[in-house]
1. Could you look through the range 152-168, keep only residues that are outside any strand (DSSP E or B) and at negative phi, and pick out the one that is surrounded by the most Cβ atoms within 10 Å (Cβ to Cβ)?
2. Tally up the residues in the range 100-151 that are assigned to a strand (DSSP E or B), under 29 Å from Pro58 (Cβ atoms) and open to solvent by 50 Å² or more (accessible area, probe 1.4 Å), please.
3. Looking only at the range 88-95, decide whether some residue is without any contact (Cβ under 8 Å) to a residue 60 or more places away in the chain and buried (at least 21 other Cβ atoms within 10 Å of the Cβ).
4. In this structure, does Trp48 turn out to be surrounded by 15 or more Cβ atoms within 10 Å (Cβ to Cβ), assigned to a helix (DSSP H, G or I) and in contact (Cβ under 8 Å) with a residue 12 or more places away in the chain?
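The values are calculated or read from the model by the stated rules, or taken from the named source; none is laboratory data. As the structure is a computational prediction, the values presented were derived from the model and not from experiment. FYI the Cβ positions are ideal-geometry reconstructions off the backbone, even for glycines, and counts take in every protein chain you see. The protein model used for the area step is the full one, side chains on, heavy atoms only, and it has no ligands, DNA or RNA in it. Shrake-Rupley method; radii C 1.70, N 1.55, O 1.52, S 1.80 Å.
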Amino acid sequence: MPELIAPTVDLHAAWLEAHDEWGPGAHEDGFGLRPADEVRSSGGFATWVARLIEQSDPTKPLEAGRAHCTYRWIVEGDQVLGGIALRHALDDFLLRVGGHIGYGIRPSARRRGLAGWALGRMLDEARTLGLDRVLITCEVANVASARTIERRGGILEDVRDTELGAVRRYWVQL
């Protein structure tokens, strides 16, 4: 049975296994991984996890251009199956491209309903934060993600060309 957990250094090896499955250069939505993050070493991984945990605390100031964000890992047993992130507010970039919620499932764990399951739980978390609606986006070609969002109540607002390519923009009323 899968569960959503806060990022933890205890799953370093399992997270790296999932990361390696995505392959080099692939963007892993939902993990908050930046190109400069060094996650192979124990120290680098611990620094990255600490940043993710700190970003979720609305009382802590963040660097310019960053939004508070709750990160959760989708785990089953000792495997990391994916990640999901809930941004607490939208800036101009997130309103155009990224939305409130981003998620990703490792290739070997797809087609099991994990994204929809995790999205449902994060929508509950969004309600707890006091959000009345959330924006979720996906690449135009990602039909599976579009269906997942629609099954969770997403209403397509539009399709836009953005600096990261064409995206579908969905709103979910909470």
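1. Step one: filter the range 152-168 for residues outside any strand (DSSP E or B), giving 152-154, 163-164.
Retained after the next criterion (residues that are at negative phi): 152, 154, 163-164.
Numbers: Arg152: 19, Gly154: 26, Glu163: 7, Leu164: 13.
By that ranking, first place goes to Gly154.
2. Residues that pass the stated criteria total 1.
3. The first filter runs over the range 88-95 and keeps only residues without any contact (Cβ under 8 Å) to a residue 60 or more places away in the chain, leaving 88-95.
Filter once more, keeping what is buried (at least 21 other Cβ atoms within 10 Å of the Cβ): none.
The answer is no; no qualifying residue exists.
4. On the way: surrounded by 15 or more Cβ atoms within 10 Å (Cβ to Cβ): yes; assigned to a helix (DSSP H, G or I): yes; in contact (Cβ under 8 Å) with a residue 12 or more places away in the chain: yes.
For Trp48, the condition - surrounded by 15 or more Cβ atoms within 10 Å (Cβ to Cβ), assigned to a helix (DSSP H, G or I) and in contact (Cβ under 8 Å) with a residue 12 or more places away in the chain - is met.
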